[in-house]
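Remarks on the structure that follows.
The values are calculated or read from the model by the stated rules, or taken from the named source; none is laboratory data. Everything numeric in this text was worked out from a predicted model, so none of it was measured. Every residue, glycine as well, gets a Cβ built from its backbone with ideal geometry; the counts of neighbours run over all protein chains shown.
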Amino acid sequence: MNTPQASILTDITRTVDIALAWLNSHTTQIAVSTVAGVIIVALLYGVKLFGRYLCSARFSSSHWPGIIGRALKRTRLWFKIAVAAQIVAATAHAPAEIAYPIRVFFVIAAVLQAAVWVRALILGLVEYRAGSTDPTGNLQSAMGLIRVLLTAGLFILATILILSNLGVDVTGLLAGLGIGGIAIGLAAQGIFSDLFAALSVLFDKPFKKGDMVKFDTSQGTVEAIGLKSTRIRAISGEEIVISNANLLNKELRNLAVFETRRHFQMLSLVYQTPPEVCRRLPDLLKTAVESVDSVTFARCALDNFAPSSLDFQLIYEIHQADPGEAMDRKHRVNNAILALFAEQGLQFAYPTQTTFTAAPDGRMVMPYAEPKPIEAAGAAKAQA
């Protein structure tokens, strides 16, 4: 009576006999293939050492060598053995009883090793971006979840590829994973939306911690960029907490990336300003504006005859990226303009209105003394 144990023992014995026969009949080919396999293993070990070299301090200033080295140094021993065994089995014409298990081992090892490399590359790139965008580590809290999601996704894909390469029908598995993925996605779409928005901040870098940003009617300094939300300290002092997805859907202005800030300023003078002074005013303003460091005069011109003023438009540029420094330069320019106007006796205009009234007999009463007629003035002079 054949028992399962006896059947297994028979199969093992038969496989051993086949292997021994193959070894005896293909000794030379096996020896040559083994040498080739050892060379391949040595090369793969060299790849791993090269990866460690790329991760050394010499390449710390460049991120790509470090990321690639981080992946290469994760070349596993079982992958090297699988490659060597597959080379021996393929070149030495191993029988099916031996070639098939080696092929299964090689497929599993190759797919898993590819998943390890891809995981290391993606995580290295994300961590580099997180570190350069947010050196204080506000986004590092997201890395744990990112590692879990990436690892799960890659190894689910690796499992499907392994089963497919081994001839297993994975249609039902794919359908089940698809339905499960849709259910999870619908249940946690808000979380995933904010997570992908956080990754978008990492890679696209629309802003970073310390930048002053403006959106809608709010303006403030970015204090923290998290997995789900970004915290902004408003100019008025309160903390604004807004989800990453909602923030990126808005028209966002980053006020911290100005290297040159152009300012447009309207200066209104009274109509009593002499024309000669009006002609000289652009040159006077250029001297006043450029007396402040990091400020360049662009142009100035009489722009408009307003109802109560002569309007001069002044344009100048402040070469400061820091918002605080730019505000200080603007303050100093305005003070220089005030000093210039005081020195030249120029007056700022303000809205004025002249009121005319009528006397009881209907004559208009002027708001100022009427000039004497020329004839009367001449007669009075002759009498004198």
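Observations on the structure shown:
- Extreme residue, surrounded by the fewest Cβ atoms within 10 Å (Cβ to Cβ), among residues of region 229-283 that are of a type in the set (Val, Ile, Thr) and part of a strand (DSSP E or B): Val241
- Unique match (being at pLDDT 85 or above and either in the same structural domain as Ala109 (by TED's automatic domain parsing) or not in a loop (DSSP other than H, G, I, E, B) (or both)) among Val88, Val47, Val32: Val47
- Residue list for region 60-80, filter: surrounded by fewer than 16 Cβ atoms within 10 Å (Cβ to Cβ) and outside any loop (DSSP other than H, G, I, E, B): Trp64, Leu77, Trp78
- Test for Ala224: is it of a type in the set (Gly, Ala, Ser), touching a residue at least 12 places away in the same chain (Cβ under 8 Å) and either outside any strand (DSSP E or B) or out of contact with any strand residue (DSSP E or B) (no Cβ under 8 Å at 6 or more places or on another chain) (or both): no
- Complete set of residues in region 105-120 that are among the aliphatic types (A, V, I, L, M) and under 11 Å from Arg76 (Cα atoms): Ala109, Ala110, Leu112, Ala114, Val116
- Residue among Asp211, Asp216 that alone is surrounded by 12 or more Cβ atoms within 10 Å (Cβ to Cβ), over 28 Å from Gly153 (Cβ atoms) and modelled with pLDDT of 80 or more: Asp211
- Applying the condition of being surrounded by 13 or more Cβ atoms within 10 Å (Cβ to Cβ), among the hydroxyl-bearing types (Ser, Thr, Tyr) and not in a strand (DSSP E or B) to region 284-333 and asking which residue is nearest to the chain's Cα centre (by Cα) yields Ser294.
- Residue within region 349-356 that is at pLDDT 90 or above and either touching a strand residue (DSSP E or B) at 6+ places or on another chain (Cβ under 7 Å) or of a type in the set (Gly, Ala, Ser) (or both) present: yes
- Residue list for region 337-346, restricted to those being in a helix (DSSP H, G or I) and surrounded by fewer than 17 Cβ atoms within 10 Å (Cβ to Cβ): Leu338, Ala339, Ala342, Glu343, Gln344
- Flag: Ala188 matches the condition of being at pLDDT below 75 and surrounded by fewer than 17 Cβ atoms within 10 Å (Cβ to Cβ).
- Residues that are of a type outside the set (S, T, N, Q) and under 30 Å from Leu346 (Cα atoms) within region 245-273 comprise Arg261, Arg262, His263, Phe264, Met266, Leu267, Leu269, Val270, Tyr271, listed in sequence order.
- Scanning region 198-227 for residues that are in contact with a Lys or Arg (Cβ under 9 Å, 6 or more places away or on another chain) and among the small types (Gly, Ala, Ser) gives Ala198, Gly220, Ala224.
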